[in-house]
Amino acid sequence: MVTKLAAARIALAAGCRMVIAKGDTLHPLAAIDGGARVTWFLPAAEPLTARKRWIAGALNPSGALVVDDGAAAALKRGTSLLPAGIASIEGEFERGDAVVVRGRDGREIARGLCAYSSADARIIAGHKSGEIEAILGYRGRDEMIHRDDLVVL
């Protein structure tokens, strides 16, 4: 039972639901669906909220994106970060790595998972999303960081 409770703690911290049920019955999932006695563990936060908490605090950023004032204002309204709003790139990172988003004043305004490597980000920074394919030679995402992968601080 100790290991089951430890697993529940991990699942809840990730924003997932968990159930403990008898496993010695035939077709235990069907039994749960049919109303068998179980113990449910429900997270205090929704999975997306937990994921965003993970992005904001559990990942060590590999680099930084410095944005212009227009992009900073747009991020505060809940939009994705587009290449056009990027003023400069700091550090080296790969696609999917966590990065810090800073304003021109150096203040951290967000964290997120970047859809491009630092090399590609440097090439498309300041350009419109519709120009990405012509510049890079492949069609990537329109967003440098999609709002689902972004936490505004």
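The values are calculated or read from the model by the stated rules, or taken from the named source; none is laboratory data. Source: prediction; values computed, not measured. In this analysis, Cβ positions are derived from the backbone assuming ideal geometry, glycine residues included, and neighbour counts consider all displayed protein chains. Ligands, DNA and RNA are excluded from the accessible area calculation, which covers all protein heavy atoms including side chains. Shrake-Rupley method; radii C 1.70, N 1.55, O 1.52, S 1.80 Å.
General observations
- Per-residue SASA entry for E92, accessible area with 1.4 Å probe, Å² rounded to 10: 130
- Here the accessible area of segment 75-153 is 45 percent carbon and sulfur, with a 1.4 angstrom probe and all protein chains present.
- 13 Å cut-off, amide nitrogen to a point 7 angstrom out along L153 Cα→Cβ, residues in segment 50-80: 55-65
- Solvent exposure, largest accessible area first (probe 1.4 Å, DNA, RNA and ligands not counted), of S62, S118, S80: S62, S80, S118
- Taking every protein chain into account, the 1.4 Å probe leaves L113 with about 30 Å² of accessible area, to the nearest ten.
- Relative contact order (percent, whole number), the chain, Cα cutoff 8 Å, 6+ residue spacing: 21
- Structure remark: mean-square fluctuation, Gaussian network model of the chain, C-alpha springs under 10 Å; the largest value among V101, V66, V19 belongs to V19.
- Candidate lysines for bridging to K4, where Cα separation is under 19 Å - those fewer than 8 sequence places away on the same chain excluded: K22
- Inter-site label distance for R53 and R95 at 7 Å from Cα along Cβ, in nm: 3.1
- Note on the chain: with a GNM built from Cα contacts shorter than 10 Å, the maximum mean-square fluctuation among A58, A134, A74 falls on A134.
- With the whole protein complex present, K4 retains an accessible surface near 100 Å², based on a 1.4 Å probe.
- Gained length - L26 relative to A119, 0.36 nm times residue gap less alpha-carbon distance: 28.0 nm
- Spacing of the two label points (7 Å from each Cα toward its C-beta) at R139 and N60, in nm: 3.8
- The lysines whose alpha-carbon is closer than 19 Å to the alpha-carbon of K76, local same-chain residues fewer than 8 away aside, are K52.
- Å² of accessible area per residue within segment 80-125, as computed with a 1.4 Å probe and no ligands counted: 43
- Bridge type composition, segment 19-153 - antiparallel percent by DSSP, nearest 5: 80
- Computed lengthening from V19 to R104, 0.36 nm per intervening residue step minus Cα-Cα distance: 25.9 nm
- Using just its DSSP H runs of length 4 or more, each adding -39500 (n - 2.57), the chain gives a mean residue ellipticity at 222 nm of -7500 deg cm²/dmol after division by all residues.
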